[in-house]
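Below: one structure, written as structure tokens.
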Amino acid sequence: MIGNDLRYSLRTLAKQRGFTAVAVLTLAIALAANTAIFSVVNAILLRPLPFAEPERIVNLTGISRIDGAAYPVYSYPNFDDIRRETKSFEQVMGYTRGRNFLMEGDEPELLNGLDVTANFLTMLGVRPQLGRTFTADEDREGGPLVMMISHELWQRRFNSDRNIVGRAVRFGTSGRARTIVGVLPPGFRFPADEVHRDYFAPFHEDLGPARTQRDSIWISVAARMRPGVTVEQANAELKAFGLRLEKQYPRENAGFVFLASSMHEGVVQDIRPALLMLFGAVAVVLLIGCANVANLLLARATARHKEISIRAAIGATPAQITMQLLVESLVLSLIAGAAGLLLASWGIDALLALAPAGIPRLETVSLDGRVLLFTTLLSIFTGIAFGLAPAISASRPNLTEALKEGTRGSTEGKRNRLRSVLVVSAVAMSLMLLAGAGLLLRSFIHVTGIDPGYDYRNTATMSLAPRMLTYPDDAKAAAFHDRLREAIRNMPGVESVGAMDALPLASSETFWSFNIVGRPEFAPGTQPSARTVTITPDLISTLRIPLLRGRDISERDTEGTPGVALVNQTFARQIFPNQDVLGQKLRLNRPDQPEDVLEIVGVVGDARWRSLTDEPEAMMFVAVKQRPRRFMSYVVRGPHAETLGPSLRATVRRLDAQQPIADLGDLAGLRGNSLATRRFNMILLAVLAVVALVLAAVGIFSVMNYAVTQRTTEIGIRMALGAEKRDVFKLIVGHAARLVVLGAAIGVAGALLSSRAIGTLLYGVKPADPWTFAAIVVVIAGTALLASYLPARRAAKVDPLVAIRYD
């Protein structure tokens, strides 16, 4: 019987190509959106990390009991103690993020990499594709200079040379050769990281004083728990271990709590709210699509009421009729599912192209078996969801009325009510999506309107570190930076130039803690700290950060003069409330240099260095000639600075033809990159909301158009009795308005509840923002008016004589 129903359904749908095309297209779009977003959710949230027993892999972090601050890094002595003394972990590994130049070929290439301990791959349970991992001899200070490279770098720069293992390459500005000992597997990516890494090297090579400084925190740590150990058990041991270290080293470890947490959770915790929001949005789009197709099926059932009545009259049971109509719905949904998979494959490509950098595991998104199963099951569920109500409604016709020529059956009133309910539901759900998109849009506008505290316009940026081979000590490196600054200052079109060791919004952070000279030292673990940026003279004026009091860093602030610092308003307010900050002296907490003192000589305006949405934090700016830095980022200002990239490169080449440079760009680009994730979320939800609005408008149009057809006789009689065209127009539009008002009321209530779920994605706007909701209601009302205009206009043009003879 099902086979017969299937063949009959295929023949019926083939004859009614218009209906089939509209229904399949509507469902295909909704199913494609669901498939595309689920493929992302599957890859990022559901799929386990691609390592052996990934549930045993954890990140180790720290939290201050005193101020609640989180520390994603450890000092080397703390890391080493945990590695040697804890029992919960089978292996503990450390790593730091870095960048360096591959000096092979004509043009040096800047690579992102990780400096790691030797057990990096064994802890993860990964084998190299070629070669080996690091040895214990290489995992020590002064050991052989070696590295591993990614599969992608091996293909791109070394032409997939299978003899690459053992080859020495020039790596880094030191010019020293480094031996490649292994190639990572294809697609390998360390999950607790935000970007793809092309090289991996032992970090024990250049530890220096950091090997013994317990208050210098810089190492990220991950571990593999022993079999049978839970995260809770590991944390219990870490808590006791932290208390023991606190007693042993109170100055450095006071109030510091060690913490283990799932690495998978650490990877997905920041992106989860946005993904769940998008997954909920595509589910709403699917429900609206189902409502529209159900409306089409109800209209089609009315047109087929005589056929169904004849089948019932010759013995078909309601169950058989329902099954026949459900089979048709399932055929529609499965065809739409197949088309949706094709659309989803294109949609995934578009998602990957639009997605900002830094979304974890995005490169693993694909239409795998789990996604195919999801789409198949969703297609079946969808077919039942939109087909069940129309099938049940059509399966019990009134045979006496239905077999009379020209009648439409006594169930028509029930169907009209069901169609109205579906339209109200579609309006409500589209309003909820539009409200979410509107809130994200307003939030994005707020963020883009934030004053970062510096002028990012008309700037160019460039970063470099003088080569160790040519500039082996700090004095020679500083002299190169001085010559380069002077050469850039003399370039045509340059107004000013300055340099610093950490560009704003670039995820580079240095914090120094300190005590105040002339006051009692802070208790261990309670010393204040400040983000510290090393700058050249003219950097503050180049960024146009206002100098509020005192003086700027000058060329006279050199190694032989007393240490000086600029502080921002937040620093002055937090550290020296109601006091004169100028002339105050700070003693930095540096065990290797206990007399390192800075005098505050100026106060500058607040600038947002970490992100645009984080409130300004306490900051210090120190003189580069007093604290030399090899790596510096230049900011160049001019009326057309964004075009200065080639000139900057040529200027560096004139001073040193072999000097590699990086980060040619501008501050506006860094600002844009910091907004990329918010822009991505807003665009995707806005697209889904527009699709939902169009589907809701189509539903309103179809109901109103069908209502006009059903009420043609009534309209003709009204007009024959004296009703004007505007009265008929108002009748139809009024019907639409009632549906929309009811749907909008339900939608606003639903949006008020659902908008709380995206509260973490908002900035500067409340989830129940009245202006956003008012604007969305106006959009819905305008769309409904537009959708009902054509049916109302058609009704107003009905000829009374023709209408009265309609039945």
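All but one of (1) crowded, with 16+ Cβ neighbours inside 10 Å; (2) in contact with a strand residue (DSSP E or B) (Cβ under 8 Å, 6 or more places away or on another chain); (3) not in a helix (DSSP H, G or I) hold for W154, so report the exception by its number.
Among (1) crowded, with 16+ Cβ neighbours inside 10 Å; (2) in contact with a strand residue (DSSP E or B) (Cβ under 8 Å, 6 or more places away or on another chain); (3) not in a helix (DSSP H, G or I), W154 violates only (3).
Only one residue in V652, V624, V601 is open to solvent by less than 10 Å² (accessible area, probe 1.4 Å) and hydrophobic (A, V, I, L, M, F, W, C). Which one? Let's see the steps before the verdict.
Details: V624 fails: open to solvent by less than 10 Å² (accessible area, probe 1.4 Å); V601 fails: open to solvent by less than 10 Å² (accessible area, probe 1.4 Å).
Among V652, V624, V601, only V652 is open to solvent by less than 10 Å² (accessible area, probe 1.4 Å) and hydrophobic (A, V, I, L, M, F, W, C).
Mind counting the residues in the range 604-621 that are in contact with a helix residue (DSSP H, G or I) (Cβ under 9 Å, 6 or more places away or on another chain) and open to solvent by 20 Å² or more (accessible area, probe 1.4 Å)?
To start, the set of residues in the range 604-621 that are in contact with a helix residue (DSSP H, G or I) (Cβ under 9 Å, 6 or more places away or on another chain) comprises 604-607, 611-613, 615-621.
Those still in the list that are open to solvent by 20 Å² or more (accessible area, probe 1.4 Å) too: 606, 611, 613, 615-617.
Residues meeting the conditions: 6.
Here are A657, A668: which of them is open to solvent by 10 Å² or more (accessible area, probe 1.4 Å) and part of a helix (DSSP H, G or I)?
Working: A657 fails: part of a helix (DSSP H, G or I).
Just a single option satisfies the conditions, and that option is A668.
Sort out which residues of the range 436-490 are more than 22 Å from D606 (Cα to Cα) and of a type in the set (D, E, K, R), and write them in order of number.
Listed by number, the residues that qualify are R442, R467, D473, D474, K476, D482, R483, R485, E486, R489.
Considering only the range 66-95, state which residues are modelled with pLDDT of 90 or more and in a loop (DSSP other than H, G, I, E, B).
Of everything in the range 66-95, those that are modelled with pLDDT of 90 or more and in a loop (DSSP other than H, G, I, E, B) turn out to be T86, K87, S88.
Taking I63 and the conditions (1) in a helix (DSSP H, G or I); (2) at pLDDT below 85; (3) not polar (S, T, N, Q), which numbered condition does it fall short on, given that it satisfies the others?
Unmet condition: (1).
Let's see how each residue does on (1) closer than 16 Å to S174 by Cα; (2) open to solvent by less than 10 Å² (accessible area, probe 1.4 Å):
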| site | (1), (2) |
| --- | --- |
| L102 | yes, yes |
| N112 | no, no |
| F120 | no, yes |
| Q129 | no, no |
| T133 | no, no |
| D137 | no, no |
| M147 | yes, yes |
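Can you find even one residue in the range 724-732 that is in a helix (DSSP H, G or I), over 48 Å from the mean Cα position of the chain (by Cα) and surrounded by 19 or more Cβ atoms within 10 Å (Cβ to Cβ)? First the steps, then the outcome.
The first filter runs over the range 724-732 and keeps only residues in a helix (DSSP H, G or I), leaving 725-732.
From what is left, the residues that are over 48 Å from the mean Cα position of the chain (by Cα) are 725-728.
Within this subset, residues satisfying the condition of being surrounded by 19 or more Cβ atoms within 10 Å (Cβ to Cβ) are 728.
Within the range 724-732, one or more residues are in a helix (DSSP H, G or I), over 48 Å from the mean Cα position of the chain (by Cα) and surrounded by 19 or more Cβ atoms within 10 Å (Cβ to Cβ).
When you look at T411, is it surrounded by 14 or more Cβ atoms within 10 Å (Cβ to Cβ) and modelled with pLDDT of 80 or more, yes or no?
Answer is no for this residue.
Give I488, I553 a once-over and let me know the one that is in contact with a Pro (Cβ under 6 Å, 6 or more places away or on another chain) and either crowded, with 17+ Cβ neighbours inside 10 Å or hydroxyl-bearing (S, T, Y) (or both). Break it down stepwise before answering.
Working: I488 fails: in contact with a Pro (Cβ under 6 Å, 6 or more places away or on another chain).
Selected residue: I553, the only one of I488, I553 that is in contact with a Pro (Cβ under 6 Å, 6 or more places away or on another chain) and either crowded, with 17+ Cβ neighbours inside 10 Å or hydroxyl-bearing (S, T, Y) (or both).
Please report, ordered by residue number, the strands (runs of 3 or more DSSP E) entirely within the range 444-535 with at least 2 residues that are β-branched (V, I, T).
Numbers: elements: 459-464, 496-500, 511-516, 529-535.
So the answer is 459-464, 529-535.
Could you list all residues from the range 456-481 that are out of contact with any Pro (no Cβ under 9 Å at 6 or more places or on another chain) and surrounded by 15 or more Cβ atoms within 10 Å (Cβ to Cβ)?
Listed by number, the residues that qualify are T459, A460, T461, M462, S463, P466, M468, Y471.
Within the range 580-614, can you find the residues that are in contact (Cβ under 8 Å) with a residue 24 or more places away in the chain, charged (D, E, K, R) and over 22 Å from P562 (Cα atoms)?
D606, R608, R610 - these are the residues of the range 580-614 that are in contact (Cβ under 8 Å) with a residue 24 or more places away in the chain, charged (D, E, K, R) and over 22 Å from P562 (Cα atoms).
Is there any pair with a first residue in the range 759-781 that is assigned to a loop (DSSP other than H, G, I, E, B) and a second that is surrounded by fewer than 16 Cβ atoms within 10 Å (Cβ to Cβ) and modelled with pLDDT under 90 whose Cβ atoms are under 7 Å apart and which are 6 or more apart or on different chains, and what are they?
What qualifies is P767/R756; P767/G759.
Whether any residue in the range 27-40 is over 27 Å from the mean Cα position of the chain (by Cα) and either without any contact (Cβ under 8 Å) to a residue 12 or more places away in the chain or more than 16 Å from S261 (Cα to Cα) (or both) is what I want to check. Outline the logic, then answer.
Of all residues in the range 27-40, those over 27 Å from the mean Cα position of the chain (by Cα) come to 27.
If we keep only those that are either without any contact (Cβ under 8 Å) to a residue 12 or more places away in the chain or more than 16 Å from S261 (Cα to Cα) (or both) too, we end up with 27.
Yes, the range 27-40 contains a residue that is over 27 Å from the mean Cα position of the chain (by Cα) and either without any contact (Cβ under 8 Å) to a residue 12 or more places away in the chain or more than 16 Å from S261 (Cα to Cα) (or both).
The values are calculated or read from the model by the stated rules, or taken from the named source; none is laboratory data. Computed from a prediction, not measured in an experiment: that's the story for all the values here. All Cβ positions, glycine included, derive from the backbone under ideal geometry; neighbour counts span all protein chains shown. Note: accessible area is taken over every heavy atom of the protein model, side chains too, but ligands, DNA and RNA are not part of it. Shrake-Rupley method; radii C 1.70, N 1.55, O 1.52, S 1.80 Å.
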